[in-house]
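All remarks here apply to the structure that follows.
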Amino acid sequence: MITLKDVSKYYTKDNPVLKDIDIEIAPREFVCIVGQSGAGKSTIVKLINKEIEPNSGDIIVGKINYAKFPKRQIPFLRRKIGVVYQDFKLLPKKNVYENVAYALEVAGVSNKEIKERVPKILKLVGLADKGTCYPNNISGGERQRVAIARALVHQPQILIADEPTGNLDPKNAWEIIDLLLKINTFGTTVILTTHNKDIVDRLQKRVITIKDGKVVKDEKVGKYEL
Amino acid sequence: MITIWRIIKNGFSTFVRNGVLSFASTTVMVLTLLSLSLFFIVNVALNAGIEAVQEKIDLSAYLKDEAPEAQVLELQTDLAAFTEVETVKYVSKEEALERYKEQNKNNQKLLESLEGLENPLPASIEVKVTDPQYIEKVAATFDKEDYKEYVSKVSYKENKIVIDRLVSATKYIQNIGISATTAFGIVSLIIIYNTIRIAVFSQKNDIEIMKLVGATNWFIRGPFVLEGALYGVIGTMISMVGLAALLYYASPSISNYFGESGSGVTSYLYDNVWLIFSIQLAIGIAIGVISSTMALNRYLKTTE
């Protein structure tokens, strides 16, 4: 499903962020990528989402080889990969419903279809009754649910959650993780980057540990050990 | 189709949302378009003025009454042979009288005084040259041995200095006008470029999110480009109103100043109001679209 082969990325020559990384992620897998701040977790996310290009190595997602992928097609690729971030990245001037609908508007989906799909996805993330609320008037956990709903509304095969619980208290964090597990059971590949030890240890899922830009550990059922 | 509609909707909303910036951009746009139009008008007025003067000063030679017809015909053929000569017209004594009467039709006394007199006006040859600079060359014909004795007066000489001054003044003013308008155009391009860049910057997060959820560059760029075009459209409307007001109050004094050719200027402008409107609109939209596209290109490229 997702293959990173000998991938290196550096912003300055002497200081590589990633050094010859090899990662394979199968369809429907739930993978945690752990590591300290600056280890290169977010760089991996950005590479998979094609926000940045690697300096060397190949990235293949599904049947797409990123090196040969035309730039103009990137927006269409993004609609197949859902991403959620620590800071939610919601539009503050749009309400919950509009934020989710926006991802569909951008893709040229008809108003009729938007009206059908958005309530369904809001129900899935448990926000059926919050559609008219604005991001500033809901809790952090709820905001992250909106972000997840928006990421899922295109029915992507891959959901990348980059530190999704970083700004949340433990209860809200667990609710988000439960939601990700639920989405994974529907068949979506989930990649979770985090440095929350508690979550990683209790998840009992595959853990890839990154240190100084290298994969130092990759275990089927892993723990958070740096 | 639905996408285009969404882009238009977003364009209008960004225009309204960036109230102060939009106001600043529109103001600069109005100033640019106004200066452009004013230059255009001054140019038209000057050209009309020059034309009017040139019209008056085209070469004409008064013939003595005793000039034999054969010589006069030959003279005409000689003059017509110049490539620089546009037309050669022979005005007979009778025609000259008719013209005189027409010109002074409001002056009964003068006309009465002519009655009973033998026609005092001389016949003349009027020559139109393609450009005033050739007048001298063509006028030399009248000084030829064959014709000299039949020509009583060649009339361009008196006005030559005036024309020369006018022509050089026009060139001077045209140069100033072109540089001023170019400068204004560049200034407004830069200001609108920066306005849109600030607008883009203030919506940096929105744009990031748009890209994140898979918006094409076209979808992101569209509203901003439309916003730029709107500056042009609204700027044109305001500047047209300003121009109309200006013309309304200034046209009497223009007419006074330039005489007949002045009213020609105002009527020219009234006749070409749509042309001026279209030129302004085209330039306004071009400035808006070019500057906003430039502002966005930089941004969309760096964050791709």
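Taking Lys and Arg as +1 and Asp and Glu as -1, the other residues whose beta-carbon sits under 13 Å from that of A:Asp162 total 0. Seen against the Cα atoms of chain A and their longest principal axis, helix A:170-185 is set at about 80 degrees.
Only protein heavy atoms count here, probed at 1.4 Å, and on that basis chains B and A bury about 1800 Å² of accessible area in total. Between A:Asp178 and B:Ile178, the distance separating the two model label sites (each 7 Å from Cα on the Cα→Cβ line) works out to 7.7 nm.
Rounded to 0.05, the FRET efficiency of the A:Ile64 and B:Tyr90 pair, given R0 = 56 Å and the Cβ-Cβ distance, is 0.05. Heavy-atom surface analysis with a 1.4 Å probe gives chain B a carbon and sulfur content of 62 percent of its accessible area. For the pair segment A:139-155 / segment B:223-255, the C-alpha centres are spaced 48 Å from each other.
Annotated for segment A:89-155: lysine pairs at least 8 residues apart or interchain, Cα distance under 22 Å, count 17. Report for the protein assembly as shown the percent antiparallel among DSSP-assigned beta bridges with both residues inside it, nearest 5. Of the beta bridges lying entirely in the protein assembly as shown, close to 60 percent run antiparallel.
Solvent-accessible area per residue in segment A:81-226 equals 45 Å², computed with a 1.4 angstrom probe and all protein chains kept. Note on A:Lys13: lysines with a C-alpha under 28 Å away, same-chain residues under 8 apart excluded, are A:Lys5, A:Lys41, A:Lys46, A:Lys50, A:Lys68, A:Lys71, A:Lys211, A:Lys214, A:Lys217, B:Lys301.
Subtracting the Cα-Cα distance of B:Lys148 and B:Tyr268 from 0.36 nm times their residue separation leaves 39.0 nm of extension gain. From largest to smallest, the equivalent ellipsoid semi-axes obtained for the protein assembly as shown from the alpha-carbon gyration tensor read 83, 25, 17 Å. Ligands, DNA and RNA left out, the 1.4 Å accessible surface of segment A:89-155 is 48% carbon and sulfur atoms.
Once backbone amide H atoms are built at 1.01 Å from N, A:Thr188 has no partners under 5 Å, excluding neighbours fewer than 5 places away on the same chain.
Using Cα atoms only, what is the angle between the long axis of helix B:69-80 and the major principal axis of chain B, expressed in degrees (0 to 90) to the nearest 10? That works out to roughly 20 degrees. The listed residues B:Phe142, B:Phe15 rank as B:Phe15, B:Phe142 when sorted by accessible area, largest first, using a 1.4 Å probe. Just check segment A:101-190 against the gyration tensor rule for me: Cα atoms, a ≥ b ≥ c as the square roots of the eigenvalues, rounded for a/c under 1.5, and otherwise prolate or oblate depending on whether a/b exceeds b/c. Cα axes put segment A:101-190 in the oblate bin.
Of the residues B:Met1, B:Met240, ranked by 1.4 Å probe accessible area with the largest first, the sequence reads B:Met1, B:Met240. Between helix B:2-17 and chain B, what is the angle of the helix's C-alpha long axis to the longest principal axis, kept within 0 to 90° and rounded to the nearest 10? Tilt of helix B:2-17: around 80 degrees.
The values are calculated or read from the model by the stated rules, or taken from the named source; none is laboratory data. Just so we're clear, the structure is a prediction, and the values are computed from it rather than from any experiment. Virtual Cβ from ideal backbone geometry, glycine too; neighbours counted across all protein chains shown. Side chains are part of the model used for accessible areas, which takes the heavy atoms of the whole protein and leaves out ligands, DNA and RNA. Shrake-Rupley method; radii C 1.70, N 1.55, O 1.52, S 1.80 Å.
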